[in-house]
Amino acid sequence: MHSTSLFKASGLAALLLLAGCSSSVTKPEQYSGFLKDYSGLEKTTSATGKPVMRWVAPGFNLNNYDSIVYNPVVYYPAPKPTGQISQKVLDGLLNYTNDKLKTSAASRKPLVATPGPRSVIFRGAITAVDSSKEGLQFYEVLPVALVVAGTQVATGHRTMDTSLFFEGELIDAATQKTVVKLVRKGEGKDLKNENAPLTVDNLKQVIDDMATDARMFDSAPK
């Protein structure tokens with residue numbers, strides 16, 4: 001049941017705290033529903049050496065396409081600002097993501113507004129963590145899929161881990177079939193404690209790595 005939203009991933013938060021560290025890839029219970037189908041995803045390594053979950057249609061080759069329709073990255077579902085994440089940061093994070101990914105897409109193929117018979121369509125989202133499991137709530141999970149975990153220190157405060165979750169796909173414009181789908185998680189800079197505000201800078205490297213991987217992705221069949 002897809003019932004627990006941005007602020008109620010208590011079971012996940014508890015598991016993260018008890019484990020002491022988080023998984024390097026997105027777990028199935030963290031899939032947002034942005035992609036219609038998550039079957040076939042396999043763990044692999046991106047061009048920058050990051051672990052990702054990815055599926056590529058047999059025979060897919062980006063060289064067979066002439067253009068890319070870039071749909072701007074969105075939040076899914078739409079988050080609400082909190083005391084730790086302001087609306088300005090939410091906007092800035094999304095703008096930075098689109099700037100970097102759109103530039104990477106343009107480096108591969110011309111960008112067009114209207115798909116043609118040899119176009120591939122990109123759609124992607126910064127997703128929120130969702131879990132149907134209930135448990136002791138140590139921390140709320142922040143919006144924008146920032147999983148809050150912590151390590152107890154001598155002061156009694158916890159340093160807060162930040163992670164950005166992203167889901168995306170490429171769709172063949174002629175067949176309307178998905179040819180590439182990707183789910184990934186990137187770990188950002190820690191926050192000093194549970195009261196420290198998040199800034200775009202905390203997650204810039206995560207987004208930069210995503211953009212580099214998009215630019216370097218080798219889609220030619222081996």
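The values are calculated or read from the model by the stated rules, or taken from the named source; none is laboratory data. Quantities reported herein were computed from a predicted structural model and do not represent experimental measurements. Cβ coordinates were reconstructed from backbone atoms using ideal geometry, including for glycine residues, and neighbour counts include every protein chain displayed.
Could you list, in sequence order, all residues of segment 39-87 that are part of a strand (DSSP E or B) and either more than 22 Å from MET210 (Cα to Cα) or acidic (Asp, Glu) (or both)? Walk me through how you get there before you give the answer.
Pass one, segment 39-87, residues part of a strand (DSSP E or B): 42-45, 51-56, 67-70, 74-76.
Listed by number, the list holds a single entry, GLU42.
Can you find a residue in segment 116-131 that is in contact with a helix residue (DSSP H, G or I) (Cβ under 6 Å, 6 or more places away or on another chain), modelled with pLDDT under 95 and of a type outside the set (Lys, Arg)?
Yes.
GLU187 versus (1) surrounded by fewer than 20 Cβ atoms within 10 Å (Cβ to Cβ); (2) within 30 Å of ALA57 (Cα to Cα); (3) of a type in the set (Asp, Glu); (4) at pLDDT 90 or above: which is the lone unmet condition?
Every listed condition holds for GLU187 apart from (4).
Per-residue answers, yes or no, for (1) of a type outside the set (Ser, Thr, Tyr); (2) in contact with a helix residue (DSSP H, G or I) (Cβ under 9 Å, 6 or more places away or on another chain); (3) within 15 Å of GLU187 (Cα to Cα); (4) modelled with pLDDT of 65 or more:
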| position | (1), (2), (3), (4) |
| --- | --- |
| SER10 | no, no, no, no |
| LEU15 | yes, no, no, no |
| LEU18 | yes, no, no, no |
| CYS21 | yes, no, yes, no |
| THR26 | no, no, yes, yes |
| SER39 | no, no, no, yes |
| SER46 | no, yes, yes, yes |
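Hey, ALA154 hits all of (1) outside any strand (DSSP E or B); (2) at pLDDT 85 or above but one; which does it fall short on?
For ALA154, the failing item is (2).
Among the residues of segment 88-119, write down those that are β-branched (Val, Ile, Thr), part of a helix (DSSP H, G or I) and surrounded by fewer than 18 Cβ atoms within 10 Å (Cβ to Cβ). If you could, list the steps in order and put the result at the bottom.
Pass one, segment 88-119, residues β-branched (Val, Ile, Thr): 89, 97, 103, 112, 114.
Subset that is part of a helix (DSSP H, G or I): 89, 97, 103.
Across segment 88-119, the qualifying residue is only THR103.
Taking segment 188-222, which residues are within 15 Å of the chain's Cα centre (by Cα) and free of Cβ contacts under 8 Å to residues at least 60 places away in the same chain?
So in segment 188-222, the residues within 15 Å of the chain's Cα centre (by Cα) come out as 188, 200, 202-214.
Answer for segment 188-222, where residues must be within 15 Å of the chain's Cα centre (by Cα) and free of Cβ contacts under 8 Å to residues at least 60 places away in the same chain: GLY188, ASN202, GLN205, VAL206.
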